[in-house]
Amino acid sequence: MDLPVLNTSEAAESGGGCDSHSCGSTGDQLGHLPEHIREKVHNHPCYSEQAHHYFARMHVAVAPACNIQCHYCNRKYDCSNESRPGVVSEVLTPEQAVKKVMAVAANIPQMTVLGIAGPGDPLANPERTFETFRELTEKAPDIKLCVSTNGLALPESIDELCKHNIDHVTITINCVDPDVGGKIYPWIFWKNKRIMGREGAAILIEQQQKGLEMLAERGILVKVNSVMIPGVNDAHLAEVSRVVKAKGAFLHNVMPLIAEPEHGTFYGLMGQPGPTHEELQKLQDACSGDMNMMRHCRQCRADAVGMLGEDRGQEFTLDKIEDMEIDYPAAMVKRAEVHARIEAELKIKDQANAAKAELAKAGWVAIQGMKQDAPKLRPVLMAVATKGGGVINEHFGHASEFLIYEASGHDVRFIGHRKTLPYCDGGDTCGDGESALDVTIRELSGCEVVLCSKVGYEPWGPLEAAGITPNGEHAMEAIEDAVLAVYEEMRVAGKLEAKPLMQQKAA
Amino acid sequence: MAFEIIESCVNCYACEPLCPNDAIYQAKPHFMIDADKCTECIGDFMDAQCASICPIEGAILDDLGTEVNPIGSLTGIPMELLAQYQAALDATYQAALNDKSA
Ligand code: SF4
Ligand code: SF4
């Protein structure tokens with residue numbers, strides 16, 4: 001039998017070219033977790049980077065009241081064009097919420113998680129929140145429940161939470177030091193009193209920490225969210241990360257402050273800046289340690305519906321669900337089939353990843369064609385337009401957000417997402433004389449390539465001029481394989497020894 | 001002797017379950033206090049409960065018509081910034097109205 005003569009580098013290429021969608025850390029991001037936790041989170045779109053391409057979550061806004069004030073929140077604000085946590089247009093009664101959840105679950109079988117996150121604090125509305133959970137546990141047992149809280153009422157709610165078998169709790173912890181807290185929380189409502197400033201923050205911190213410990217003790221998964229506020233808590237968040245990990249949080253998610261004057265928040269009006277993409281990434285890297293961060297977090301609205309980053313809420317408004325007939329037992333069968341299909345697909349991917357890891361361990365070169373000189377290559381950020389499914393399947397002009405990946409000599413990792421305005425919606429919508437394309441180019445700063453299924457002629461020039469090469473050659477390919485392939489092309493073309501185009505220009 | 005909720009209330013429900021006299025009820029366009037039932041919490045709590053949790057400055061008045069939480073007291077936002085913000089909001093609102101009638 002004739003075998004083609006392979007040189008080492010080709011052999012390495014075929015070894016690394018197995019059909020896996022994740023190289024190194026991203027695919028394996030849950031790998032460090034104990035089995036029982038992996039079991040709980042592997043199909044949770046908020047916790048698993050891989051799952052968020054396949055499964056969907058929804059939030060219902062049943063909890064309008066809040067027991068604290070944060071400087072990044074304005075309780076007056078209510079606008080359906082806004083996509084921020086705590087912002088919601090329609091507060092539902094528990095009955096309406098249950099109906100909506102079942103309507104969505106029947107129509108979007110990929111929906112696996114129901115969360116209550118606001119618009120106030122779920123645990124400051126215990127009757128409404130727990131009524132919703134109680135009903136859903138009974139009527140739709142195939143939906144996972146989770147709750148997101150500021151933590152003030154957490155210790156007193158734990159018994160009730162355990163009753164409803166809620167296995168995921170998110171606590172927003174922005175600080176563990178009351179001096180820092182005094183700059184974030186103007187007041188809390190505690191034991192029938194409004195308590196201002198540092199004193200209030202001290203109580204909040206104590207309750208958060210106590211709640212975290214109690215949840216961990218009872219085996220309930222705890223994720224901690226922190227809002228990164230430059231100059232206020234940015235230097236402090238590494239300490240927060242250390243403390244919450246020590247107390248048993250399984251994930252620490254650092255999110256950027258969103259503050260604009262038009263939000264009417266304290267930070268917005270006072271001109272408090274949010275972090276740049278670079279600052280955020282640096283802090284996320286510093287905090288991640290052995291605990292993987294939720295780089296894919298989209299900071300969804302409190303009534304978000306759909307896959308992360310998309311919101312199909314408009315399809316399920318109250319009057320629309322009123323008319324929907326839902327046969328939930330039938331829907332549950334269909335849901336189980338869809339879930340099984342996705343699980344099977346994910347399993348194949350896992351196996352492929354495992355095989356690849358084996359190869360790497362055995363001393364084979366893990367990544368296509370990259371040899372000993374690989375670590376010397378500089379990392380490259382690439383933006384990807386996707387509708388989900390882990391593949392490049394969105395037109396440049398239709399994308400309202402881009403996923404950002406970093407390719408380097410040793411792996412491809414998911415960094416985060418950046419929102420923008422769909423270029424095709426026209427440039428006149430964004431005011432200030434800045435076109436939608438300008439916004440996209442600004443949002444993609446630092447990226448050298450944008451991968452999409454298609455890109456028009458018109459944006460091509462401005463993108464290139466900004467040092468971002470548009471690339472539509474990898475349509476329908478798995479994201480990480482495509483990113484790797486483009487990185488490899490750049491390496492072969494000698495672009496990875498040089499500085500990025502923009503930096504050259506600047507120099 | 002009674003408190004009153006006025007139109008700046010954002011219907012957040014926070015006050016309603018706290019009232020020791022069940023004086024607060026949901027209504028349109030905003031929550032209301034039944035003046036016959038409200039005792040200003042005297043005898044039950046040191047501080048009026050509704051006004052201690054309400055996040056909206058100026059939404060609750062005491063029996064003299066004074067704002068229990070005056071402007072700037074809860075958010076700490078300086079008054080002139082708030083005024084600017086309010087003016088901008090009003091302008092946007094007015095522009096939208098004009099657009100509609102045009
Ligand atoms: S002041 Fe006290 S009694 Fe009166 S409405 Fe408010 S909570 Fe109820
Ligand atoms: S707490 Fe204030 S804003 Fe909320 S419902 Fe009561 S009066 Fe209205």
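Among B:ILE42, B:LEU81, B:VAL68, flag the residue with its Cα farthest along the positive direction of the charge dipole of the stretch B:1-88, charges on Cβ as +1 for Lys/Arg and -1 for Asp/Glu.
Looking along the dipole axis, the top candidate is B:LEU81.
Packing-wise, with mean Cβ within 10 Å as the measure, how do A:405-415, B:9-19 rank, highest first?
On the way: A:405-415: 22.4, B:9-19: 20.2.
Top of the packing list down: A:405-415, B:9-19.
Which peptide among A:314-320, A:126-132 comes first, and what is the full order, when sorted by highest mean count of other Cβ atoms within 10 Å?
Details: A:314-320: 12.1, A:126-132: 20.3.
Highest to lowest by the protection proxy: A:126-132, A:314-320.
So, by mean Cβ neighbours within 10 angstrom, what's the order for A:108-120, B:24-36, A:392-404 with the highest one leading?
Output ranking for A:108-120, B:24-36, A:392-404: A:108-120, A:392-404, B:24-36.
Quick one: what are the phi-derived ³J(HN,Hα) couplings along the stretch A:228-237, Karplus 6.51/-1.76/1.60 with θ = phi - 60°, whole Hz, x for glycine and proline?
Karplus values, whole Hz, x for Gly and Pro: 7, 10, x, x, 10, 10, 4, 6, 8, 6.
Report the semi-axes of the equivalent ellipsoid for chain B in whole Å, largest first, where each axis is √(5λ) for an eigenvalue λ of the Cα gyration tensor. Display every interim value, and only then the final one.
Working: eigenvalues 177, 57, 21 Å².
After scaling each eigenvalue by five and taking roots: 30, 17, 10 Å.
Per residue of A:221-230, how many C-beta atoms from partner chains lie within 10 Å of its own C-beta, taken as a mean?
Details: counts 0, 0, 0, 0, 0, 0, 0, 0, 0, 0.
Averaged over the peptide's residues, the number is 0.
By residue number, which cysteines of chain B lack any other Cys whose Cβ falls under 4.7 Å from their Cβ?
B:CYS9, B:CYS12, B:CYS19, B:CYS38, B:CYS41, B:CYS54
Under a GNM of chain B (C-alpha, springs under 10 Å), which listed residue has the highest mean-square fluctuation: B:GLY58, B:GLY72, B:GLY43?
Of B:GLY58, B:GLY72, B:GLY43, the Gaussian network model singles out B:GLY43 as fluctuating most.
If the limit is 29 Å between Cα atoms, which of A:LYS76/A:LYS99; A:LYS163/A:LYS349; A:LYS76/A:LYS282 go over it? Don't jump to the answer; show the numbers that get you there.
On the way: A:LYS76/A:LYS99 27 Å; A:LYS163/A:LYS349 36 Å; A:LYS76/A:LYS282 33 Å.
Violating the 29 Å Cα-Cα cut-off are A:LYS163/A:LYS349; A:LYS76/A:LYS282.
For peptide B:10-17, how many partner chain Cβ atoms fall within 10 Å of a residue's Cβ, on average?
Numbers: counts 7, 3, 11, 9, 10, 1, 2, 6.
Rounded to a whole number, the mean comes out at 6.
What angle do you read, to the nearest 10 degrees and between 0 and 90, between the alpha-carbon axis of helix B:79-101 and the longest principal axis of chain B?
Orientation of helix B:79-101: about 60 degrees from the principal axis.
Given a 1.4 Å probe and the protein chains all in place, what does the accessible area of A:ASP327 round to, in Å² to the nearest 10?
About 90 Å², ignoring ligands and nucleic acids.
A:MET196 accessible area, nearest 10 Å², 1.4 Å probe?
Accessible area, nearest 10 Å²: 90 Å².
Taking beta carbons within 10 Å but only from partner chains, what does the mean come to for residues B:44-56?
4
A:GLU199: accessible area at probe 1.4 Å, nearest 10 Å²?
120 Å²
Tell me the Rg and the Dmax, in Å, that the Cα atoms of the stretch A:107-167 produce.
11.5, 36
Listed here are the pairs A:LYS245/A:LYS347; A:LYS419/A:LYS454; A:LYS223/A:LYS334; A:LYS223/A:LYS419; which of them are more than 26 Å apart at the Cα?
Working: A:LYS245/A:LYS347 29 Å; A:LYS419/A:LYS454 18 Å; A:LYS223/A:LYS334 30 Å; A:LYS223/A:LYS419 23 Å.
Pairs exceeding the cut-off: A:LYS245/A:LYS347; A:LYS223/A:LYS334.
The values are calculated or read from the model by the stated rules, or taken from the named source; none is laboratory data. All values derive from a computational prediction rather than experimental measurement. Don't worry about glycine lacking a Cβ; one is built from the backbone with ideal geometry, like all the others, and counts go over all protein chains shown. Heavy atoms of the whole protein, side chains included, go into the accessibility calculation; ligands, DNA and RNA do not. Shrake-Rupley method; radii C 1.70, N 1.55, O 1.52, S 1.80 Å.
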